[in-house]
Amino acid sequence: MGNSVITMRGLCKSYKKQEVLHDFSLSVERGHICGLIGPNGAGKTTIMKILAGFFFPSRGELELFGSPDNLDDSRARMSFMIEQPIIAGSMTARQNLEYIRYLRGYPDEKRIDEILELVGLANTGKKRANKFSLGMKQRLGIGMALLPKPEIMVLDEPVNGLDPEGIVEVRQLIKRMQEEWGVTVLISSHLLSELSELCTDFSIISHGELIENLSHEELLIKCRNHIALRTDNINKTAAVLEDKLSIHDYKVIHGEEIQIFERLGEILHISKTLTDSGLIITKLNEEGQNLEDYYLEKVGERHD
Amino acid sequence: MTNIIRSQWFLCKKRWFTILLCIIFPLIAMFFALSLEGSVRSFASGAMIAMLGIMLIPILVVTYSYAERTQLYEIMAGFSPHQILLGKAIVYLLFTMLYLIVISAEVLCFDHSAETLLRVALYWIICIRAVLSVVLLSPLLKSGSAAPTFSFMLLIAFDDPNNVADSPLSVFYAAQNMMLGAELTGALIIRIIVSAVVACVIYYLVGYFTLKKKFDLEPYQLT
């Protein structure tokens, strides 16, 4: 916790008598990229709005840069892009960036050209931002967040509306920010495959409650290759695995499927033993999980 | 606060043509009002149009910033409510002062009697109050035009300055502007000054606590 730049403890938020966030805790370490994963209405944007200072939590503690005091001063070291990018449609990309430069007091005017180049909007000239495509607006929003060289960036669905090339560019940009400038990123996205390639940590949230915090390494372990097995009798199958095959590293998923994490090369032997025990195998193959499978499993468990 | 001032100045500069029109048209209107009628009553009607002109500058910028949600950047950048309100007030009061200097010079060219000077001084107070109502109430109203619309709408039923002077409406700046065309009494002068001071304190407190307590800062429904 010593190097945590964002710490939330037991955050709750009610809006119009409906609790949208319940006892949410999260710690984001300096220089990490933390992915906030959850379905629509899970409370991701609410968390980000509390961080941005749009409203107070109903209960709980928030610390920025290790301190619960002077949160507004801490926000001056952060940048946010929450929901759709906030841009002045009547101004050009350059003018939007200039506005942010004045507001954030960034001294170097050349920074605007750097950012325009970086987000691929250098050739938009006098085109007003309200004439931009969704992807261009998204890139401008990211540029406006990047301009003051923040220590923490909070990005809500930053690749929304981007084409595949744009998604890759944004991913590379965020990686570069983390690796070269040491920026800490809290990011949410529906594209879990993108997050799995980008994030160092994940926080799974559903119905305003935290389901699990885990690091990328922990995710890899949890999503490791396994034998997926379905039979007509799961309880008997588990007993056969333990008694006849001495397999103990397995997991029963929703009472329907067994995932075996050891002796992956002995699939034929396992199959024969189960069949000899009178079980009917309906599924037997080697597979691995990805973040999406893991997330669906976790959210599914919570709903069950 | 310097950053707020610079950013607001930048936003104003980007709308320079509209702002120029807001300034020129009332000046012309005031000129015709004064030259055609040449009475104190004409000062009041010209002053009303001129006041709308000066209010249009903050109304435009504030309305755009709420419609496009760019005012949220001020909150995300960590500025205190005091910095946000005072920074904006300084920018728009600067515009108001410059504008009032020109208007006052125009009026005094026609008539520079002591009574006209007093009317002009009271007009300054009313205009400053009107501009501050737009700027300081904007966090709550999320629109630049709501406060002046409310104030002017109340006047629709009261088009006689003598009636307005005796009604509770006389504490509103739009009504006071109309009353400038009537005879100036000590009570009226005190009412204009005291109500301006009280109203500006109230505007500031409303704006401050809206930002401080984060009363629904976004113009859109939260998800």
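None of the figures in this text is laboratory data; all of them are computed from the coordinates on show. Predicted, not measured: the structure shown is a model, and the values here were computed from it. Don't worry about glycine lacking a Cβ; one is built from the backbone with ideal geometry, like all the others, and counts go over all protein chains shown.
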DSSP beta bridge pairing in the protein assembly as shown, given as percent antiparallel to the nearest 5: 65
Taking the square root of 5 times each eigenvalue of the Cα gyration tensor, what semi-axes in Å does the equivalent ellipsoid of chain A have, largest first? 45, 22, 16
For the protein assembly as shown, alpha-carbon Rg and Dmax in angstrom: 31.4, 115
So what's the Cα pair-distance distribution over the range A:31-175, bin width 10 Å, in %? 11, 39, 35, 13, 1
Quick calc: nm separation of the 7 Å Cα→Cβ label points for A:Glu61 and A:Arg263 -> 5.0
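For A:Glu151, what charge total do you get from the other residues with a beta carbon under 12 Å from its beta carbon, if Lys and Arg give +1 and Asp and Glu give -1? Provide the component values of the computation, followed by the final result.
Numbers: positive: A:Arg30, A:Arg75, A:Arg77, A:Lys149; negative: none.
My count for the surroundings of A:Glu151 gives +4.
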Please count, across the range A:4-213, the pairs of lysine residues with Cα atoms under 28 Å apart that sit 8 or more places apart or on different chains. 27
Cleavage-rule hits (GluC sites (Glu not before Pro)) in the range A:105-210: DSSP loop, at most 10 neighbouring Cβ within 10 angstrom: A:Glu109
Taking R0 as 41 Å, what FRET efficiency do you get between B:Asp111 and B:Phe215 from their Cβ-Cβ distance, rounded to the nearest 0.05? 0.30
Using a 10 angstrom cutoff on alpha carbons, build the Gaussian network for chain A and name the most mobile of A:Leu26, A:Leu245, A:Leu51. A:Leu245
What angle do you read, to the nearest 10 degrees and between 0 and 90, between the alpha-carbon axis of helix B:16-37 and the longest principal axis of chain B? 10
Can you list the aspartates and glutamates whose alpha carbon is less than 20 Å from that of A:Lys298, not counting same-chain residues fewer than 8 positions off? A:Asp23, A:Glu194, A:Glu197, A:Asp201, A:Glu209, A:Glu212, A:Glu217, A:Glu218, A:Asp249, A:Glu256, A:Glu257, A:Glu287
Largest fluctuation, B:Leu184, B:Leu85, B:Leu137 only, Gaussian network model of chain B with Cα springs under 10 angstrom, belongs to B:Leu184
In whole Å and largest first, what semi-axes does the C-alpha gyration tensor of chain B yield when each eigenvalue is scaled by 5 and square-rooted? 31, 19, 15
How large is the dipole of the protein assembly as shown about the Cα centre if only Lys and Arg carry +1 and Asp and Glu carry -1, each at its Cβ, rounded to the nearest 20 debye? 1700
To the nearest whole percent, what portion of all C-alpha pairs in the range A:6-53 is separated by more than 16 angstrom? 40
May I ask for the angle, rounded to the nearest 10°, between helix A:267-276 and the longest principal axis of chain A, with both axes built from Cα atoms and the value confined to 0 to 90°? 40
Helix B:2-14: inclination vs chain B longest Cα principal axis, degrees, rounded to 10, gives 70
